[in-house]
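Following: one structure in structure tokens, then a few remarks.
The values are calculated or read from the model by the stated rules, or taken from the named source; none is laboratory data. As the structure is a computational prediction, the values presented were derived from the model and not from experiment. Counting neighbours? That spans all protein chains shown, and the Cβs are built from the backbone with ideal geometry, glycine included. The accessibility values were calculated without ligands, DNA or RNA, using every heavy atom of the protein model including side chains. Shrake-Rupley method; radii C 1.70, N 1.55, O 1.52, S 1.80 Å.
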Amino acid sequence: MSGQKEYSVPSRFPSSNRKFKLKTLSQFEESQINRNQELEHQLKMVSKQNEKLNSLNQYLQTTLNKRNEVIFEERQLYKTKQIVSPQKSNSTSKRQSQQFHSRKNSMPYFTQTSRLQYVGEEYFRLNQVLEINISDEEAISYFENDPNIKFVRQLDEDTFVQIAEEQNIKKLLQIHDHILKLQNFLKEMFEAILKFKKIIKASYQMNQQAQLNDAINCIVDQTQQLMNCERATCYIVDETKGEIWSRVAQGLNSIIRMPIDKGVAGFVAFRKESVNIPNAYADDRFNRESDLINHFKTQSILAAPIIGDNNQCLGVLQCLNKNQGVFTNEDSAYLKYICNFSKTVLNHSLNQNQVESTQNKLRHVIKYFLDIVQIEDPWKIISITERVLKKIMNCEEARLVLKINGSVHYIKHGIQSEISEFLGIFKKVIDTQCNESTLNNNSNPFFDPTLDIDTQMPVITMSINQNSAFQVLNLKGVNKKQSQQSHSAFVSGLELEMLEYIRSILLIKLK
């Protein structure tokens with residue numbers, strides 16, 4: 001048709017359906033336009049609501065600031081006056097009451113909590129009394145000198161009635177504030193009593209554990225519950241090896257070992273003082289590698305040492321991530337009490353562990369005696385003796401040398417070897433018939449790599465007779481305090497006694 005605008009329709013549409021398609025496209029465009037208009041209208045409404053909310057927020061903020069300024073001025077004025085003031089006329093009291101109520105009505109959000117925020121310095125601090133090293137006299141002094149206690153003690157019945165009759169609002173508010181703080185103090189004391197009941201109950205459960213593993217498990221479980229934290233760990237200090245270790249960390253099954261001067265727990269063990277770290281990653285003492293290994297995110301840390309009777313650090317209790325907020329000074333005081341109870345448990349368990357270790361060593365010695373009596377082959381004697389020495393000293397290397405028919409027999413790196421005479425530290429010990437205990441075997445001036453154990457670790461060398469001697473690593477006998485003053489290694493009494501048993505058995509066998 002002439003004069004009518006023609007639309008170009010894609011060829012993929014059949015000609016019979018072109019009019020229908022054009023009508024559908026037109027309806028779609030109209031719906032989109034209507035939709036856009038609705039969205040624009042809604043956007044304008046939201047914008048107006050935001051403006052109203054911003055205006056209301058500014059009004060509330062201004063009102064809050066004015067309220068706080070008035071309260072602060074009143075508190076400063078109260079501190080300069082005595083509790084009891086001269087009698088005022090009824091008209092003056094009524095005028096003060098009307099002024100106060102008019103001021104109070106102009107501040108719709110006047111609350112009790114806001115009246116306390118300017119007098120925090122007068123608050124009784126519970127952690128002062130909870131400090132484990134504080135004496136009873138000092139704790140009583142803190143309580144008696146608290147301004148709230150002194151204020152209420154001075155406020156007798158007559159004075160209170162007089163203030164009420166005068167309708168002295170300022171003094172009534174002051175009394176109210178002190179009562180609120182005392183109420184809060186009583187609440188904290190009640191919570192502290194409940195906490196100590198839990199600690200005492202936990203100590204009973206701890207003391208029932210004789211085995212070291214069970215004791216550590218119990219300490220960790222009870223600490224995690226009492227301190228309300230995500231994870232707790234009990235580290236044991238091994239001063240001879242210069243490390244701390246733990247078989248148990250909540251959420252983990254592996255053994256944790258680290259140097260005594262590394263990480264927060266190492267710092268606590270070395271310095272023998274507790275730490276409270278609200279942000280772990282902001283503290284240089286925190287070892288971030290532990291989080292990467294354990295797939296854990298440490299946020300806050302509270303750790304305290306477990307100090308023995310001889311002021312020796314037995315272990316460290318460490319708490320990670322308090323479930324609500326961060327660890328407080330009161331939490332630190334509670335953890336010290338838990339450590340104090342744990343001290344007895346660890347002492348008993350470590351002693352029990354030492355007894356069991358001694359029994360195991362004696363069993364090895366007895367079995368060694370029964371085995372070696374029937375053996376005549378020198379190579380088997382050397383092999384069995386070295387194996388028993390490793391078990392007794394809990395080390396990885398030991399060496400026995402025997403001179404038979406003019407030839408020195410020894411086993412090195414699993415290879416049987418012979419030389420014509422003794423060398424190195426072995427020669428010195430056999431010639432002098434005196435034991436040698438060195439802190440660093442390689443640094444000994446008599447060291448010879450042919451026979452002597454090639455190591456920088458401490459080593460004990462003991463002579464048996466003129467034709468035999470043995471060397472063994474002394475990992476557990478290093479005493480760092482002694483080592484700093486001497487080049488000789490410290491030998492613990494238990495290990496030395498076991499080595500003397502082995503020496504006596506060999507002396508009988510090699511006669």
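Put simply, of Q359, Q318 the only residue that is among the polar types (S, T, N, Q) and in contact (Cβ under 8 Å) with a residue 40 or more places away in the chain is Q318.
Considering (1) closer than 17 Å to H364 by Cβ; (2) in contact (Cβ under 8 Å) with a residue 24 or more places away in the chain, the lone condition that V429 does not fulfil carries the number (1).
Table: residues versus (1) charged (D, E, K, R); (2) closer than 22 Å to K195 by Cα; (3) surrounded by fewer than 16 Cβ atoms within 10 Å (Cβ to Cβ); (4) over 12 Å from the mean Cα position of the chain (by Cα).
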| residue | (1), (2), (3), (4) |
| --- | --- |
| I219 | no, yes, no, yes |
| Q225 | no, yes, yes, yes |
| W245 | no, no, yes, yes |
| Y281 | no, no, yes, yes |
| S290 | no, no, no, yes |
| P305 | no, yes, no, no |
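Annotation note: Cβ proximity below 6 Å between a residue of the range 228-240 that is farther than 18 Å from K336 by Cβ and a residue that is crowded, with 24+ Cβ neighbours inside 10 Å and of a type in the set (G, A, S) (sequence gap 6+ or interchain) occurs for I236/G315. The set of residues in the range 61-74 being open to solvent by less than 60 Å² (accessible area, probe 1.4 Å) and modelled with pLDDT of 70 or more consists of T63 alone. Report, by residue number, each residue of the range 415-438 that is under 22 Å from C395 (Cβ atoms), open to solvent by less than 50 Å² (accessible area, probe 1.4 Å) and in contact with a helix residue (DSSP H, G or I) (Cβ under 7 Å, 6 or more places away or on another chain). Once the filter is applied, which keeps residues that are under 22 Å from C395 (Cβ atoms), open to solvent by less than 50 Å² (accessible area, probe 1.4 Å) and in contact with a helix residue (DSSP H, G or I) (Cβ under 7 Å, 6 or more places away or on another chain), the range 415-438 yields only E436.
Does the range 313-331 include one or more residues that are touching a strand residue (DSSP E or B) at 6+ places or on another chain (Cβ under 7 Å), at pLDDT 90 or above, among the charged types (D, E, K, R) and in a loop (DSSP other than H, G, I, E, B)? So far as the range 313-331 goes, no, none of its residues is touching a strand residue (DSSP E or B) at 6+ places or on another chain (Cβ under 7 Å), at pLDDT 90 or above, among the charged types (D, E, K, R) and in a loop (DSSP other than H, G, I, E, B).
In the range 334-391, the qualifying residues are those that are polar (S, T, N, Q) and modelled with pLDDT of 90 or more, and the one that is farthest from K198 (Cα to Cα) is S383. Looking across the range 278-297, the residues that are more than 21 Å from I236 (Cα to Cα) and not aromatic (F, W, Y) come down to P278, N279, A280, A282, D283, D284, L292, H295, K297. Within the range 272-293, residues that are part of a loop (DSSP other than H, G, I, E, B) sit with their Cβ atoms under 8 Å from residues that are surrounded by fewer than 16 Cβ atoms within 10 Å (Cβ to Cβ) and not basic (K, R), at 6+ positions apart or across chains, in these pairs: K272/N311; P278/V326; N279/Q299; R288/Y281. All conditions but one from (1) farther than 13 Å from C339 by Cα; (2) part of a helix (DSSP H, G or I); (3) among the hydrophobic types (A, V, I, L, M, F, W, C) apply to V220; the one that does not is (1). Which of the numbered conditions does Q209 fail, given that it passes all the others? Conditions: (1) part of a helix (DSSP H, G or I); (2) at pLDDT below 75. Among (1) part of a helix (DSSP H, G or I); (2) at pLDDT below 75, Q209 violates only (1). Mind checking whether some residue in the range 328-350 is open to solvent by 10 Å² or more (accessible area, probe 1.4 Å) and free of Cβ contacts under 8 Å to residues at least 12 places away in the same chain? For the range 328-350, residues open to solvent by 10 Å² or more (accessible area, probe 1.4 Å) and free of Cβ contacts under 8 Å to residues at least 12 places away in the same chain: absent.
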